[in-house]
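First up is the structure itself, then whatever we jot down about it.
Just so it is clear, none of the values below were taken in a lab; they were calculated from the coordinates. None of these values were measured; they are calculated from a predicted model. Note: ideal-geometry Cβ built from the backbone for every residue, glycine included; neighbour counts use all protein chains shown.
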Amino acid sequence: MSEEEIEHLREACHTTFENALFEFMYSTGCRIGEAITLDRASINFSNQSAIVLGKGHKEREVYLNTRCEIWLKRYLNERKDQEEALFVTTRAPHRMSISQAKNIIKLVAKRTDIKKSIHPHQLRHSYATNLLNNGAPLEVIQNLMGHEKSETTKIYAYLSGAMRRDLYRKYF
């Protein structure tokens, strides 16, 4: 997704929970399954990070940007339940399912003028693309996303036309 589409999605978040979920997904590049299995205790606000359990039951540290930290703190401060899960349902709070979290992202997307179908995994792609377009080396992106093979990371990350042109001019 373009930066403009990301901004439209941000504006379409109506609740603290929607903002927290969206910002967490986008700023960490987590898979939806990694996000919903997180517990509150997994968040380390002092260094803006979280430990997630990825594919193959491998732990990795992901990082929160300031916007994500703000929305997560607001969301957690509003909650009155004692559930250990980071993201919970609103009625009879319990750990949110993957399909419930997907539906939240799709609901937010429906409020925008974006014509294409939006899925949570596109936030992961956009995360990788944003890192690449801002100069992060592929090896760093690979590590942040928890990929074993660089080929997998290359599928996720797309250089924008302007970035390709600028890199061409820089190196040729």
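General observations
- Principal axis box of the range 5-76, alpha-carbon based, largest edge first, Å: 34, 24, 16
- Using a cutoff of 8 angstrom between alpha carbon atoms and counting only pairs six or more residues apart, the relative contact order for the range 14-111 works out to 33 percent.
- Computed from point charges on the beta carbon alone (+1 for Lys and Arg, -1 for Asp and Glu), the dipole magnitude for the range 44-101 about its Cα centre is near 160 Debye.
- Toward the positive end of the charge dipole of the range 3-171, with +1 on the Cβ of Lys and Arg and -1 on the Cβ of Asp and Glu, the farthest Cα among Asn143, Met96, Ala12 is that of Ala12.
- Per residue, the convex hull volume that the Cα atoms of the range 1-134 enclose (Å³): 112
- For the chain, averaging the sequence separation of C-alpha pairs within contact (under 8 Å, six or more residues apart) and dividing by the residue count gives a relative contact order of 25 percent.
- For the chain, a Gaussian network of Cα nodes joined below 10 Å ranks Ile105, Ile141, Ile155 by mean-square fluctuation, and the top entry is Ile155.
- Put a plus charge on the Cβ of each Lys and Arg, a minus charge on the Cβ of each Asp and Glu, and nothing anywhere else: the dipole of the range 58-172 about its Cα centre is then about 580 debye.
- Classification of the range 34-98 by its C-alpha gyration tensor yields an oblate form. The axis ratio a/c (a ≥ b ≥ c) is 1.5 or more, and b/c is at least a/b.
- Legend: residue pairs Lys55/Lys116; Lys55/Lys115; Lys58/Lys80; Lys73/Lys115; Lys58/Lys149, Cα-Cα distance threshold 25 Å; pairs beyond threshold, Lys55/Lys116; Lys55/Lys115; Lys58/Lys80; Lys73/Lys115.
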